[in-house]
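Remarks on the structure that follows.
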Amino acid sequence: MSKNKYFSFIGTGAWASALANVLAQNGHKVKMYGINEEEVAEINQGYNRKFFGSRLFAHPKFIQASTDLSFVLEGCETLVIAVPSFAFRSVLKQLSEALRFRRVNIINVSKGFDEQSGTFLSDLIKNKLRRNLKNFATFSGPSYAIEVFNEHLTLINIFASNKEFRDKLIAKFNNYYFNLVPCEDEYGGEIFAALKNVLAIGIGISSYTHPGKNSHSALISVGTKEILSIIKQLKPSSDLSVGFELVGTGDIFLTCSSTQSRNFTFGYSIAERGLRETLKNQKLTVEGYSSAKALSKLIATKNIKNIPLLENIIAVLNGSKEPLLLTDFITNK
């Protein structure tokens, strides 16, 4: 990172704020773009109370937030995109117009599919910002933002084709509690990052309909095997080693085993209260819900076979199957 250059974050949510805090703690200047004036004002006072209560950023003087995109992009050398999938297209359009012909490094920390095209969010960035893209990286792995902000030991994968750029990012982000670990299989990582949220919804449902560690562990194993099967069907050359990476079993374990997971609790609520009531009362973004729609399209267009658990999760989410029948592919054998 050059002197007087910034990491510029698009988004002021929990994950953006946690990563900004890591960089600030490591002595790097950060700017953050947000649309909520109250949240932006709080960040400039050293807090993000919506997600982290009264705990201060490690070095508030290194972090500036603004609702002015031009200000946030001024001096930007590396752009970090941290917005939910539903806002992706509009945000990329804004960035394309604001950057014009400037070239910057871009890091994507958002997970899932673009619902409109069914492509990965990373691929959407590469397409919509291709004239602006200098180097590109994706971060993904088991990481609750609150734990990163509270300096709990966290390891996640970094995917980047330019190894020099990757190693520079590792040097900037890594410290005594946060570590980026290189992984080569970006395609497999993208699949896991998107589909673990769908699986987590299903595990949440089954935790209500079939409480107990036996069923919980079994269905996580079944779901993980199905995700690996999808990777193999879409990319036959894959050796499937990504399943053992942080983005694989690590993120599956985290997302499918805790009430801190929005996707898990969303699924549990569907089983307990019903789909309609859960959707009506859902305030926070549940990426697995939109990813399930994209997965449904992918199954149809790519003729993906033998993934009964994931197909049943989709059926529950579109209202064509009752939560109690989630595991009928097992009980009907």
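The values are calculated or read from the model by the stated rules, or taken from the named source; none is laboratory data. Here the structure is a predicted model, which is why all the values come from computation and not from measurement. Positions of Cβ are generated from backbone atoms using ideal geometry, with glycine treated the same way; all protein chains shown enter the neighbour counts.
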For this session: Could you tell me whether the stretch 231-249 includes any residue that is at pLDDT below 95, buried (at least 16 other Cβ atoms within 10 Å of the Cβ), over 19 Å from F113 (Cα atoms) and over 18 Å from the mean Cα position of the chain (by Cα)?
Result: yes
Exercise. Yes or no: L79 touching a residue at least 60 places away in the same chain (Cβ under 8 Å), of a type outside the set (D, E), outside any helix (DSSP H, G or I) and surrounded by fewer than 20 Cβ atoms within 10 Å (Cβ to Cβ)?
Worked result: no
Problem set entry | Filter result (farther than 16 Å from S8 by Cβ, not in a helix (DSSP H, G or I) and not charged (D, E, K, R)) within the stretch 82-123 | P84, F101, G112, F113, Q116, S117, G118, T119, F120
Problem set entry | The listed residue being in the same structural domain as L79 (by TED's automatic domain parsing), touching a Lys or Arg at 6+ places or on another chain (Cβ under 8 Å) and in contact (Cβ under 8 Å) with a residue 12 or more places away in the chain, out of I227, I252, I158, I170 | I158
Exercise. Is there a residue in the stretch 148-156 that is buried (at least 19 other Cβ atoms within 10 Å of the Cβ), in contact with a Phe, Trp or Tyr (Cβ under 9 Å, 6 or more places away or on another chain) and outside any helix (DSSP H, G or I)?
Worked result: yes
Exercise. For the subset of the stretch 280-321 comprising residues that are touching a Lys or Arg at 6+ places or on another chain (Cβ under 9 Å), in contact (Cβ under 8 Å) with a residue 24 or more places away in the chain and of a type in the set (G, A, S), which member is farthest from V222 (Cα to Cα)?
Worked result: G319
Exercise. Residue check, V181 against (1) in a strand (DSSP E or B); (2) more than 19 Å from the chain's Cα centre (by Cα), all met but one. Which one?
Worked result: (2)
